[in-house]
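A quick write-up on the structure given underneath.
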Amino acid sequence: MIKQHKSVTVLFLVPLLAALSLLWGCGRSAPAEETTYETYTASGISEESEPGIDESSPKVQEARASFDQFCDQLFRDSLSDNYLNLHYTLADPSSYGLADCPRTFGEFSMDLLKEASETQKEEKARLEAIPVELLTEEQQLTWKILKASYEAEEDFEGLEFYYQPLAPTVGVQAQLPVLLAEYIFYDKEDVDDYLTLLSTIDNYYEQLLVFEQEKSRAGFFMTDDCVDTIADDCAAYLLPPEENFLSSTFNERVDAMTDLTEEEKAAYKSQNLQVLSDHFIPAYELLLDGLKDLKGTCTNEKGLCFYPEGKKYYEYLVRSSTGTTYDTIDKLRDAIDNQITYDMAAMYKLLLDHEELEQNVDDYQFAYTEPGEILEHLKEVIVKDFPALEECNYTTKYVPQALEQTLSPAFFLVPPMDRYLDCVIYINNGSVSSSEDLYTTLAHEGYPGHLYQNVYFLSNCTSPVRTVLSFGSYVEGWATYVENYAYTTDNGLSPELGQLLAYNASSTLGLHALLDININYYGWDKEQVASYLSETFGITDRDVTDSIYQYMLSAPVNYLDYYVGYLELRHMKEQAERTLKKNFNLKEFNQLILDIGPAPFTVIRPYYDQWLKARSGR
């Protein structure tokens, strides 16, 4: 989710339970048409339909009703045991019969991870019992997405000790406080729920610590460097309650409420300080002390592949996190390597053809430098290449200074599905300090990135279960794809400089993804990483190379979420350009990807192939 790279940013939401939880996603329904062998919706999404299906037959109606019931139950079950996820998914839980769910962060343990695997086997069997060919086009898409998700998660069974809920920047300990700071108070009951939820954080962190202790005894505990970095994260939350940012943000939210008296507001503020003192700060003290006690128990300070089943776990992570169409790590590595080579060659050619770029690349500025004007400019400039979007409300906020070193350059918080037009983007002044960073960062987070994609997909979503499915590589790949696009808009840079910077951003991100694979799957050590960076890119600072190495150990596959999704989208777009030539329309391609919505690329690719076949007249 969060990367140590200036143009790579975070998208909410870290699951607070198992990594195998199915969270996030959405699609677009198609208009009813005559059933044919190959039906194309207005947006260009295609779906093969079974010929001669009687839409009114009891068998068809039963299959469709069974699928809807299955999805509805899955949606409810995924939210019922974690009130933070519930609140961020639904502003009005009562509308889905979920108002009485416990106000906790849920339960976490090794046993629950194993139980989840068994539950998913049962759910997969029920899904496969529903005949997909009898479903509507929209249902068929959801069915395929669910099936691909279940299949990817099957490989997690038996690998529970490899799971990493705590990690620098991307771990629960770093992201949970921000989610608490943005917990919206719609009414007085929400304030009560928040305080009840916050008072359980020490119990939840105790469960995480028990899991880490089990990992330590089994020989799977994190490196000492990782412990030190997480300890720094935790230390940032040990301020006195009155100085804690969860005090100031709470006060701001309470003061903005019009249905509370001044006495009630004062009472809530006092209660919040007490909860921070009694539960929040002790939770971080517990985590900090517990991790320090486990320091020195790491049995492997190299990549995942040096663990007994490390390669198997890495393969699972790649498949589960990216949904890539590359069926082996070897093929994926070669594709990344080839793309880096292409981008760097193109960059060098630009520098040779335009000598002035060598000076400009170190001293450039976009025409738009303030958050508001950047986002408004991007809203206007993308109209020609992206489908229309309904007007939404967005707020840009700044990360509290105390947290600047522990959070990403920027991030977008996904709003509830029933209030999806109210969006928040956080900017980290500790990371995004210059105007050249901010323009492309806000393209990634805002228009046409996370904000745009999220609003588009929720505005067309009629299947709630897809809002709780997680496909990070689609989401982050899209945001990276459009961030790259933003370098070449009418942004104040020359077309040549914009293209040069786009190639540079692409190759830099690709380099991190390649190192992730080489370290965690092929076993590169610090010396090999330092040698490669020195010989290939002239990076000789050992502090830099060692930092990259340590980050890849603490958050394996994290960079692949961004780069692999971007690579899949870029390759589809370039293939369409080559095939359609002058008939290629970028807006049509972008709408196809948006209309399918978050999904594994193994599911997206057949829809794309049918779209391309129809557009090419073959």
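The values are calculated or read from the model by the stated rules, or taken from the named source; none is laboratory data. Model, not experiment: these values are computed from the prediction. In this analysis, Cβ positions are derived from the backbone assuming ideal geometry, glycine residues included, and neighbour counts consider all displayed protein chains. Accessible surface areas use protein heavy atoms only, side chains included; no ligands, DNA or RNA. Shrake-Rupley method; radii C 1.70, N 1.55, O 1.52, S 1.80 Å.
Observations
- The chain: C-alpha gyration tensor shape, a/c 1.5 cut-off, then a/b vs b/c: rounded
- Amide N of region 105-149 lying under 12 Å from the label point, which is placed 7 angstrom from the Cα of GLN69 along Cα→Cβ: none
- When the Cα positions of TYR183, LEU166, PRO93 are compared along the charge dipole of region 84-187, TYR183 comes out farthest toward the positive end, with charges on each C-beta of Lys, Arg, Asp and Glu.
- Structure note, pairs LYS144/LYS587; LYS188/LYS292; LYS121/LYS295: Cα-Cα distances above 30 angstrom occur for LYS188/LYS292; LYS121/LYS295.
- Hydrophobic, long helices, defined as DSSP H runs whose alpha-carbon span along the helix axis is 30 Å or greater and whose mean Kyte-Doolittle value is at least 1.6, do not occur in the chain.
- VAL424 long-range amide H proximity, modeled H, under 5 Å: THR395, LEU413
- DSSP-loop trypsin sites (Lys or Arg not before Pro) across region 383-455, with at most 15 other Cβ within 10 angstrom: LYS384
- Rounded Å value of the spacing that divides the Cα centres of region 61-126 and region 161-182: 21 Å
- Size of electric dipole in region 419-561: Cβ of Lys, Arg +1 and of Asp, Glu -1, about Cα centre, debye, nearest 20: 520 debye
- Dipole magnitude of region 507-618 about its Cα centre (Cβ charges: Lys, Arg +1; Asp, Glu -1), debye to nearest 20: 960 debye
- Each other residue within a Cβ distance under 11 Å of ASP193 adds +1 if Lys or Arg and -1 if Asp or Glu, for a net charge of -2.
- The residue among PRO282, LEU79, THR258 whose Cα reaches farthest toward the positive pole of the charge dipole of the chain, with charges on the beta-carbon of Lys, Arg, Asp and Glu, is LEU79.
- Under the combined filter of DSSP loop state and at most 16 neighbouring Cβ atoms within 10 Å, region 124-164 retains these GluC sites (Glu not before Pro): GLU157.
- Candidate lysines - alpha carbon under 16 Å from LYS114, same-chain residues fewer than 8 apart omitted: LYS124, LYS215
- Gyration tensor (alpha-carbon) shape descriptor, region 291-357, a/c threshold 1.5: oblate
- Label-point gap, in nm, between ALA266 and PHE537 - each point 7 angstrom along Cα→Cβ: 5.7 nm
- Calculated [222 nm] ellipticity per residue, helices only, for the chain: -18000 deg cm²/dmol; basis is -39500 (n - 2.57) per DSSP H run with n ≥ 4, divided by all residues, nearest 500.
- The GluC sites (Glu not before Pro) found in region 385-461 that occupy coil by DSSP, while having at most 13 further C-beta atoms within 10 Å, are GLU390, GLU391.
- LYS59-GLU122 FRET efficiency (beta carbon distance; Förster radius 25 Å; 0.05 resolution): 0.55
- For ASP278 and LYS331, the FRET efficiency from 1/(1 + (r/R0)^6), where r spans their Cβ atoms and R0 equals 56 Å, is about 0.60.
- Cβ-based charge dipole, the chain, positive-most Cα from PRO240, ASN454, TYR562: TYR562
- For the listed peptides 460-466, 555-561, a ranking on the average number of other beta carbons within 10 Å per residue, highest first, reads 555-561, 460-466.
- For region 479-546: rounded, prolate or oblate by the Cα gyration tensor [a/c cutoff 1.5]: prolate
- Each of ARG605, ARG542, ARG126 has its accessible area taken with a 1.4 Å probe; listed largest first, they run ARG126, ARG542, ARG605.
- Surrounding net charge for THR545, when Lys and Arg each add one and Asp and Glu each subtract one, Cβ distance under 13 Å: -4
- A Cβ-based charge dipole, computed about the Cα centre of the chain with Lys and Arg at +1 and Asp and Glu at -1, lands at about 1420 debye.
- Here the simple spin-label model places points 7 Å from the Cα toward Cβ, and for SER248 and GLN401 these points are separated by 0.8 nm.
- Cα centroid separation - region 475-536 against region 252-323, whole Å: 29 Å
- THR462-SER109 pseudo-label distance in nm [points 7 Å out on the Cα-to-Cβ vector]: 4.3 nm
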